[in-house]
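The values are calculated or read from the model by the stated rules, or taken from the named source; none is laboratory data. Values in this document were obtained by computation on a predicted structure and should not be read as measured data. With ideal geometry, Cβ positions are generated from the backbone for all residues, glycine too; neighbour counts draw on all protein chains shown. Calculation scope for accessible area: heavy atoms of the full protein, side chains included, ligands and nucleic acids excluded. Shrake-Rupley method; radii C 1.70, N 1.55, O 1.52, S 1.80 Å.
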Amino acid sequence: MTQKTYEPEAAASDTRRPRMLRRPFEILGANKRAYLAINLMAYGLVVAGFVVGMVFPDLSRARLQTQQTDGTSELVGSLLSSPWLFAVVIFAINVGKLSALTIVLPSLVVPFVGLPLFAWWSFTTGITIAPTTDIGWVALSPHSLTVVIELQAYILLLLGAYLLGRSWLWPRTAAVTTHRQGYLRGLQQLGWLALPALVLLVIGALYESFSLLYLVHPLSLWLL
């Protein structure tokens, strides 16, 4: 008869996995009001920009023209035949330009600054997606889900940036005594929230890539 040996590394791994899944939701539960307020801000500004784009279609056309002149539209067209590669490019842009450069990195230097930077992006994005052509209306329905998924990822990062700034400036809100401890505690919370945000960005990139090829294109052929 053999005795089972206790393996501390395996046990530690088993306890880490549930914590990785549970901890982000604990942070959300402890900061419900801030989370809901950031949701309202992000989605509300996209809707506001959308309304402005509908009322003033020249603004929306100008945004689309900018995408054509800076090569964005050409890049999208060249990658449509390779949805997996397109998804990788979308993910890289969303992580690098929006998540890192717009939200996270600025907030590491100046408290809360990622929130107004992203607020401006949300508003201008609403203007951009306001349809001014028939194909724009066709693309709106599938693309709306992309906006919902990706915005939710950014909202998690925005909440992390908010908690970082709050604990940095007011350490007692994070149950610590010094600004340095508050900064580290806020950075830790931001890191936990970044995990589900990355998952959502992967899902959003895959959906956006494949929906353009397999939903928008067939719908445009059928409806237009």
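Structural remarks
- In order along segment 176-189, the phi-based Karplus estimate (6.51 cos²θ - 1.76 cosθ + 1.60, θ = phi - 60°) of 3J(HN,Hα) comes to 10, 10, 10, 5, 5, 5, x, 4, 5, 5, x, 5, 5, 5 Hz; Gly and Pro are listed as x.
- Peptides 123-133, 93-103, 56-66 ordered by packing proxy, namely the average of other Cβ atoms within 10 Å per residue, highest first: 123-133, 93-103, 56-66.
- Other residues whose C-beta falls under 15 angstrom from the C-beta of ARG185 contribute a net charge of +3, scoring Lys and Arg +1 and Asp and Glu -1.
- For segment 92-195, the per residue solvent-accessible surface stands at 45 Å², with DNA, RNA and ligands left out and a 1.4 Å probe.
- MET54 accessible area, 1.4 Å probe, all protein chains in place, Å² to nearest 10: 80 Å²
- Over segment 79-127, the reciprocal of the mean inverse Cα-Cα separation, the Kirkwood hydrodynamic radius, stands at 11.9 Å.
- Derived value for segment 73-224: Kirkwood hydrodynamic radius 16.8 Å. Basis is the mean of 1/r over every pair of different alpha-carbon atoms.
- From the alpha carbon centroid of segment 28-55 to that of segment 118-181 is 8 Å.
- Burial ranking of peptide ranges 170-181, 111-122, 146-157 (average Cβ count within 10 Å, highest at the top): 146-157, 111-122, 170-181
- In order through segment 23-32: 3J(HN,Hα) via Karplus (6.51 cos²θ - 1.76 cosθ + 1.60), integer Hz, x for Gly, Pro: 4, x, 6, 5, 5, 4, x, 7, 9, 4
- When the alpha carbon coordinates of segment 138-224 are projected onto the principal axes, the ranges are 63, 16, 12 Å, largest first.
- Heavy-atom surface analysis with a 1.4 Å probe gives segment 115-182 a carbon and sulfur content of 67 percent of its accessible area.
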